[in-house]
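Beneath this line is the structure, given in structure tokens, with notes to follow.
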């Protein structure tokens, strides 16, 4: 274990793997991204907002919303979660690509850029970081015969760094090649490590794909579910598919709201909260079996 991780881990909590946990509802910070940009909240305030406003006690961070992730800031964030009784779940890592790029030096830099989030996740008590597979072609990826090898190289590096930390490395279906279930299955098999898996987004599939079929292909590697309600698709059916596959763990609400033009920052925030509460109600009924 690196000296830096030992330093950050000095007061880290003991973590359970998602498979050992009961089903719980978590909340992705991205669900309130518009109100963040409107200046309504800061990340240090989110645990209390989450508990008081939404009645949810597990949080999925977004690295773009860490205002200043120094150790002092992380201490405050950890305390904010503890004071609110909110469990840190994972960190969604964006803008640290290209993990599947064709330039070897850039790929190596991208993999190394993810190391700090392993450290931060470990310190906060998260069970995983969510990564992207980016850098290959956004169309015609089926003809890029080297993409899987390049991506596997990057994620083996990140997983190797995470060894001993208790932090899993997860890929989300997040557009282009990374939303091709056959590519994802091939990547899971190529890396072939129990610390490597998927955050299965129920909505991020390529246009024209059968979303139910896509979800079914990747569920064996699911270590988390990102729950979206996509018009035209049956959310309860998707949730039952996940349950029938044997998944247990965090069901992360990733809702979206498009407030009316001219909405105030507070109105934007309220619309985002209402969208999240709608998905929460479905999860309580279908997954948690609440009346």
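Just checking, does the range 65-72 include any residue being touching a residue at least 24 places away in the same chain (Cβ under 8 Å), within 21 Å of residue 253 (Cα to Cα), surrounded by 14 or more Cβ atoms within 10 Å (Cβ to Cβ) and in contact with a strand residue (DSSP E or B) (Cβ under 8 Å, 6 or more places away or on another chain)? The answer is no, given that none of the residues of the range 65-72 is touching a residue at least 24 places away in the same chain (Cβ under 8 Å), within 21 Å of residue 253 (Cα to Cα), surrounded by 14 or more Cβ atoms within 10 Å (Cβ to Cβ) and in contact with a strand residue (DSSP E or B) (Cβ under 8 Å, 6 or more places away or on another chain). Screening the range 234-258 for residues that are at pLDDT below 95 and surrounded by fewer than 19 Cβ atoms within 10 Å (Cβ to Cβ) and picking the one that is nearest to residue 223 (Cα to Cα) gives 256. Looking at the structure I just gave you, is residue 86 closer than 21 Å to residue 252 by Cβ, buried (at least 19 other Cβ atoms within 10 Å of the Cβ) and more than 16 Å from the chain's Cα centre (by Cα)? It is true that residue 86 is closer than 21 Å to residue 252 by Cβ, buried (at least 19 other Cβ atoms within 10 Å of the Cβ) and more than 16 Å from the chain's Cα centre (by Cα).
A quick yes/no check of all residues on (1) in contact with a helix residue (DSSP H, G or I) (Cβ under 7 Å, 6 or more places away or on another chain); (2) buried (at least 19 other Cβ atoms within 10 Å of the Cβ); (3) without any contact (Cβ under 8 Å) to a residue 12 or more places away in the chain; (4) assigned to a loop (DSSP other than H, G, I, E, B):
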| position | (1), (2), (3), (4) |
| --- | --- |
| 122 | yes, yes, no, no |
| 126 | no, yes, no, yes |
| 138 | yes, no, no, yes |
| 148 | yes, yes, no, no |
| 155 | yes, yes, no, no |
| 161 | yes, yes, no, no |
| 199 | no, yes, no, no |
| 209 | no, no, no, yes |
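Here residue 81 does not qualify as at pLDDT 95 or above and not in a helix (DSSP H, G or I). Please tell me if residue 60 is more than 17 Å from residue 195 (Cβ to Cβ), outside any helix (DSSP H, G or I) and free of Cβ contacts under 8 Å to residues at least 40 places away in the same chain. No, not satisfied. Just give me the residues in the range 90-109 being over 18 Å from the mean Cα position of the chain (by Cα) and either surrounded by 24 or more Cβ atoms within 10 Å (Cβ to Cβ) or closer than 17 Å to residue 161 by Cα (or both), in sequence order. Within the range 90-109, 100, 107, 108, 109 qualify.
A residue that is touching a helix residue (DSSP H, G or I) at 6+ places or on another chain (Cβ under 8 Å) and within 30 Å of residue 146 (Cβ to Cβ) cannot be found anywhere in the range 226-235.
Among the conditions (1) surrounded by 15 or more Cβ atoms within 10 Å (Cβ to Cβ); (2) more than 23 Å from residue 196 (Cβ to Cβ), the only one that residue 134 does not satisfy is (2).
The values are calculated or read from the model by the stated rules, or taken from the named source; none is laboratory data. Predicted model, so just to flag it, every value in this text is computed and none were measured. Cβ sites come from the backbone with ideal geometry, for glycine too, and all protein chains shown count toward neighbours.
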